[in-house]
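> Got a structure for you, written out below as structure tokens; questions coming shortly.
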Amino acid sequence: AVEPSSRKWEQKQVQIKTMEGEFSVTMWASDDKK
Amino acid sequence: AKSKAGESICSSVGRAWRFKARILGPSLCKMYVPMGTCWGDLAEGVMVEVLNSDTNLSTKVYWVAGIVKLSGFKALLRYEGFDNDTSRDFWCNLCVPEIHHVGWCASSGKPLVPPKSIQLKYSNWKAFLVKRLTGAKTLPPDFATKVHENMQFPFKKLMRVEVVDKTHLCRTRVALVEQVIGGRLRLVYEEGSDDFWCHMYSPLIHSIGWSRSIGHRFKRSDVSKKIDGQMDAPAQLFAKVKDVDQNGEWFRDRMKLEAIDPLNLSAISVATVRKVLADGYLMIGVDGSEVTDGSDWFCYHSTSPSIFPAGFCEINNIELTHPRGYTKLPFKWFDYLRETSSIAAPVKLFNKDVPNHGFRQGMKLEAVDLMEPRLVCVATVTRIVHRLLRIHFDGWEDEYDQWVDCQSSDLYPVGWCQLTGYQLQPPAAQMARE
């Protein structure tokens, strides 16, 4: 994935739960701390 | 019935108040809208977890949706899996509790369930979600907390403020905060039961002692003792104005200018500086006013975006309202200045900042009817002149349009009323049809 232009965004491991089970994906979420 | 009925019955005092409220309404910028500072994180393509309304299950289940379009606080969402099928797109206010960041369901122990109309479209939803979500954006995990924090306002019931006296626009008096909704305050005069609404950052309200500090007229209160619980609102809660240097070339009494007419917010009128106050404040009067005692003068800060140098309207192709009774038409500033032995306020003294506001003609918003400031109405931007917006109230005649600054605290994005719990006035035609 290409990093979005805003440096406030950071990569996060996000947990997903479906009827078939749980898994994780890497997504971008903005971070206030930066 | 909005300002229409109000206009037909209004007294000169009422008109004067409406005029005052309208003219001083525009103030601060969109940053004061809840979530204004963090809204930039949101854009088309951002993924959320949202209630799945396309299911036969008896329990609440959720599914992933992407933002297709943003309009104010509202987003057009499409459930993942519908690809280019727009038939199930739906609008949702992003700040409501039903909207979550991706990952919320797992942390809350709730499984994601695809909408039943596409349930059979993919045999492996896990693989689908991994492909769709990897590298995509979602809301920050603390989004709901941010929404909550942004809905907290520092003004509290029983706080005392100085506010313009609606029976004498040229002076202020003390009022108490009675109610706070979305940063808008219902103020009740300390001596009396009259109330009115304005935003907490409206230039109409000030901290106790402001009038004395700048030389503004003030109606002294006969209330000798504060009731328990009352307190003066701290000065730091109020909107700040720019510091100005009044030592050099500055506004002087009798200088002429153009100003949004407080008695007719649809118009910009020929006006005069009547009194120069401290800290950059000016008392302004509209030329040709029938009131001779100055009771309809109104206070503007010199940096106000609602006052303009002579010639502003002509340059920008806006009809300038000439002084009542002035018959030498078409109005020419050169002749008028000569006839009245006056001079125009120097152009360099006016606020010429034009923020990159992003408003475009035709955009919808929720706007305060400054003639009746408790009403927030469905409205449209119909004209833009630099930072000045012409606001049309949907369903109402053009004569009720208002000139409003782009950074006014009386303009809100679509969905603001829903978010704050403030009642939204629908377009007039819809109102008639209920």
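Every number here is computed from the coordinates shown, using simple stated rules; none is lab data. What you see is a predicted model; the values in this text were computed from it and never measured. Counting neighbours? That spans all protein chains shown, and the Cβs are built from the backbone with ideal geometry, glycine included.
> Would you work out the charge dipole size for the stretch B:242-376 about its Cα centre, treating the Cβ of every Lys and Arg as +1 and the Cβ of every Asp and Glu as -1, and quote it to the nearest 20 debye? Mind dumping the intermediate values first?
Details: 15 positive and 19 negative charges, 60 e Å.
The calculated dipole for the stretch B:242-376 is roughly 280 debye.
> Further question on the same structure: Among B:Leu139, B:Leu320, rank each residue by its count of other Cβ atoms within 10 Å, from fewest to most, as a rough exposure measure.
Ranked by crowding around the Cβ, least crowded first: B:Leu320, B:Leu139.
> Per-residue Cβ counts within 10 Å, from other chains only, averaged over B:121-129: what number is that?
Working: counts 0, 0, 0, 1, 4, 7, 2, 1, 5.
Per residue, the number of nearby Cβ atoms from other chains is 2 on average.
> Does the protein assembly as shown classify as rounded, prolate or oblate by the C-alpha gyration tensor (a ≥ b ≥ c root eigenvalues; a/c under 1.5 gives rounded; else a/b over b/c gives prolate, otherwise oblate)?
prolate
> Mind checking B:46-55 for the average number of partner chain beta-carbons within 10 Å of each residue's beta-carbon?
1
> Can you put A:Ser30, B:Ser108, B:Ser207, B:Ser193 in order of Cβ neighbours within 10 angstrom, beginning with the fewest?
With the fewest neighbours first, A:Ser30, B:Ser108, B:Ser207, B:Ser193 line up as B:Ser193, B:Ser108, B:Ser207, A:Ser30.
> Ranking B:Glu372, B:Glu290 by Cβ neighbours within 10 Å, fewest first, what do you get?
B:Glu290, B:Glu372
> Over chain B, what portion of Cα pair distances is larger than 26 Å, expressed as a whole percent?
Of all Cα-Cα pairs in chain B, 61 percent lie more than 26 Å apart.
> For B:Ser213 and B:Leu337, what does the FRET efficiency come to when R0 = 30 Å and r is the distance between their Cβ atoms, rounded to the nearest 0.05? Numbers along the way, then the final one.
On the way: r = 33 Å, r/R0 = 1.11.
For R0 = 30 Å, the calculated efficiency reads 0.35.
> Take peptide B:136-148, look around each residue's Cβ out to 10 angstrom, count Cβ atoms belonging to other protein chains, and average those counts. Could the numbers behind the result be given before it?
Working: counts 6, 8, 7, 2, 8, 4, 4, 2, 0, 0, 1, 0, 0.
Shielding by partners across B:136-148 averages 3.
> Roughly how many nanometres apart are two label points built 7 Å out from the Cα toward the Cβ at B:Val130 and B:Lys110?
Computed distance between label sites B:Val130 and B:Lys110 equals 2.6 nm.
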